[in-house]
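Step one of this worksheet: look at the structure below.
The values are calculated or read from the model by the stated rules, or taken from the named source; none is laboratory data. These numbers come from a predicted model, not from an experiment. Every residue, glycine among them, receives a Cβ derived from its backbone with ideal geometry; neighbour counts consider all protein chains shown. Quick note on the areas: whole protein, heavy atoms, side chains included, nothing else; ligands and nucleic acids left out. Shrake-Rupley method; radii C 1.70, N 1.55, O 1.52, S 1.80 Å.
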Amino acid sequence: MIFTVTWVSAVLTGIFSVHLAQRLCFPYFWKDLFYLIKVIRYGARLEISKRTRIVSVLDRFVQQAQRIPDKSFLIYEGVPYTYRQIEERSNRVARVFQHHASVKKGDTVAMLMSNEPDFISVWFGLSKLGCSVAFLNTNIRSKSLLHCFHCCGAKLLVVGEDLLDTLEDILPSLQEDNISIWSMKNKVSHPGVHTLLDKIDQASDEPMPAEYRSVTSLKSATLYIFTSGTTGLPKAAVITHLQSLKAAGGFWAYGGTSQDVIYTPLPLYHSAASLIGIGGTIELGATCVLKRKFSASQFWNDCRKYNVTIFQYIGELCRYLCNQPKGENEKNHKVCMGVGNGLRPDVWKEFHRRFGEIRMCELYGSTEGNLCFMNHIGKIGAVGRSNFFYKLLFKYELVKFDMAREQPVRNEQGFCQRVKKGETGLLLSKINSLSPFFGYAGSKQLAENKILRNVFIKGDAYFNTGDLMLEDEENFISFKDRVGDTFRWKGENVATTEVTEVLGLLDFIQEANVYGVEVPGHEGRAGMASIIVRPDSAFDGQKLFENVLTNLPAYARPLFIRIQKRMEMTGTFKQQKFHLVKSGFNPSTISDPLYFLDYTEKSYIPLTDSIYESVRSGQRKL
């Protein structure tokens, strides 16, 4: 009996010791393991599908419409739309284009539509004919829009009812190029434009033959999604069925279920809303609350009204919510998860403080990229987490980057050099069969510009993300800056995100956009920040001076401040820097108030024409 007790005690002690050692040395072991098992399971399903019959995201939707026909798939402006209703309407759309537009399998059709249920009906209807669909950014106009057509080779355009008038200046050019234009209207006054709504109402909702949408390769294109074009013309990223299926597994990987209600206020022309949001809703068999546009003032009321459990965010959306006036019962909601990217650590903490301990699930990955990170642990400030097994499946590296030359550092043999743990480096992702890079439509050179070759050995190829990242000792990966956004001043690298966070500490600053501007006679670019002052506050140059003096090294302190009433943004809430950089800091050409960092006055003082000339001529030392 004593021997048995001793033996049991020894076993229990051993188990406890192993558990304690695991908690101390490998605190994330089980979470990593369960997450990795999910990733492998999902990947295995794709591999099996590839070898038998490929089941696309559209196929999955058709299956869900048969399995749960009466469940709400979308809720839009308070009106529910079931899986059956969207399925039948997409069949009608397919038949209209089949009979009236001679659209066939392999064609590319462009869509210029705002968020609405018919965006999805048209998307799925065209896909049921075997077409590739190009999502056009609703903010682009004129030459940029024409450029997009030339990129993807679309010969037909479906335009939303609210956007037809925005095409007025380029309609003749589109028609000269034999592009057929269809509007989501019953009647139109524009010559040569076809109406769609009247024909949809008259079309049959009988299912389209499955062979039209059948997929022979996961690597065939299903969508073209355009980059935001913050610094130039948009590029049409090729989205394959493989990428669509991977993105659709995002909510599931984070623990989403069919009982979830997902709030999507992001534009559907962007991959986050369409691939992750709609695709993820379909994968789960869940319900999506689709917003026409994001509204910070309506957000929490919507969440309470529709019992939202998961919401999507991107860029600065969460900061907009934190900037809203404080209200009662801000934690009175059922939201338990947010999925997105671009959440700054300071906003993350404030968001938790204001609205509760919502699990924020950061994603990292570009529309065209071949690598994805997921912060499945939920550590504040991290965009993802890696481990030994993840690195076996997905080959990526962080390499040294020369900011002055804006290219990776290479050794005497011409190869790149890896950074140490805890050091910032350029993120590269190996291009191979597991992680292919599909490039952009219309130009092989655009794709080639994103590829680095002979990185570690001759003949290898890596996708250049253009992002500076850091991987710490615990294998958490954090985003530091975009290569194009980081600038060099006084021989040092200035990270715009770091400066932005410091400016955000001040109570009178609502928003800040940091960038570098050229100054005659100086190498590199001097720091400048465009800021928005809170409505109930006033700009305080002395307080700002004390803040940057305390929290930033001399080379990173913004020398110039520009006060704007509103910040120019892309459709996905990314700050526009291109025009700000081009306009510089000349008070004679800029109508916004400008300020200059003056160490003598120990304050930011108004930037006058005389101060500008003294800086420009080199009389005033910077």
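Quick notes
- Percent of C-alpha pairs per 10 Å bin, the chain, short to long: 3, 14, 24, 25, 19, 10, 4, 1, 0, 0
- Multiplying the residue separation of H150 and I37 by 0.36 nm and removing their Cα-Cα distance gives an extension gain of 36.4 nm.
- Each DSSP beta bridge with both residues in the chain is either parallel or antiparallel, and the antiparallel ones are about 60%.
- DSSP beta bridge pairing in the range 282-411, given as percent antiparallel to the nearest 5: 30
- Note on the range 83-177: the C-alpha convex hull projects to 5.9 nm² when averaged across all orientations.
- FRET efficiency for the pair D165 and K420, taken as 1/(1 + (r/R0)^6) with r the Cβ-Cβ distance and R0 = 51 Å, rounds to 0.35.
- Order of exposure, largest accessible area first, which applies to F351, F294 with probe 1.4 Å: F294, F351
- Applying the Karplus relation 6.51 cos²θ - 1.76 cosθ + 1.60 with θ = phi - 60° to the range 364-377 yields 3J(HN,Hα) values of 10, x, 8, 4, 9, x, 10, 9, 9, 10, 10, 8, 6, 7 Hz, where x marks Gly and Pro.
- Here the range 431-539 has an Rg and Dmax of 19.0, 60 Å, counting Cα atoms alone.
- 14 Å beta-carbon shell around W252, net charge (K/R +1, D/E -1): +3
- Amide H contacts under 5 Å for L268, placed H, 5+ residues apart: N115
- Ordered by 1.4 Å accessible area with all protein chains kept, W182, W300 run largest first as W300, W182.
- Additional length obtainable on full extension of the chain from S295 to T550, 0.36 nm per residue less Cα span: 88.2 nm
- Convex hull of alpha carbon positions in the range 382-492: directionally averaged projected area 8.2 nm².
- With K and R counted +1 and D and E -1, the other residues having a Cβ less than 15 Å from that of A134 yield a net charge of -1.
- For L223, nonlocal amide neighbours, meaning residues 5 or more places apart or on other chains whose placed amide H falls under 5 Å from its own, are V133, I239.
- Of the cross-linked pairs K199/K444; K143/K444; K577/K621; K291/K420, those separated by over 32 Å at the C-alpha level are K199/K444; K291/K420.
- Phi angles of the range 414-425 translate, via the Karplus equation with coefficients 6.51, -1.76, 1.60 and θ = phi - 60°, into HN-Hα couplings of x, 9, 6, 10, 6, 8, 7, 4, x, 9, 7, x Hz per residue; Gly and Pro are given as x.
- Environment charge at P558 (Cβ cut-off 12 Å; Lys +1, Arg +1, Asp -1, Glu -1): +2
- Residue-averaged 222 nm ellipticity for the chain, from DSSP H runs of 4+ at -39500 (n - 2.57), nearest 500: -9500 deg cm²/dmol
- Counting only DSSP beta bridges whose two residues both lie in the range 528-622, roughly 65 percent are antiparallel.
- Long-range HN-HN contacts of V159 with modeled amide H, under 5 Å: L112, W182, S183, M184
- FRET E, pair Q619, F389, Förster distance 51 Å, beta-carbon r, rounded to 0.05: 0.25
- Cα-based Rg of the range 274-378 normalised by 2.2 N^0.38 Å, two decimals: 1.07
- Rel. contact order, % - alpha carbon contacts under 8 angstrom, at least six apart, the range 412-493: 31
- Peptides 28-40, 214-226 ranked from most to least packed give 214-226, 28-40, packing being the mean of other C-beta atoms within 10 angstrom over each peptide's residues.
- Highest-first arrangement of 579-587, 132-140, 155-163, where packing means the average Cβ count within 10 Å: 132-140, 155-163, 579-587
- Distance from the range 237-255 to the range 280-298 (C-alpha centre basis), Å: 17
- Whole-Hz Karplus values for the range 522-534 come out as 10, 7, x, 9, 7, x, 9, 10, 8, 10, 10, 8, 4 Hz, taken residue by residue from phi with 6.51 cos²θ - 1.76 cosθ + 1.60 and θ = phi - 60°; glycine and proline positions read x.
- Set of lysines near K38 by C-alpha distance (under 26 Å), chain-local residues within fewer than 8 positions excluded: K50, K219, K246, K334, K379, K391, K395, K430
- Where the alpha-carbon atoms of the range 136-247 are placed on the principal axes, they occupy 45, 41, 23 Å, in descending order.
- Kirkwood Rh in Å, taken over all unlike Cα pairs in the range 338-444: 16.3
- Taking all protein chains together and a 1.4 Å probe, the residues R557, R405, R51 rank R51, R405, R557 from largest to smallest accessible area.
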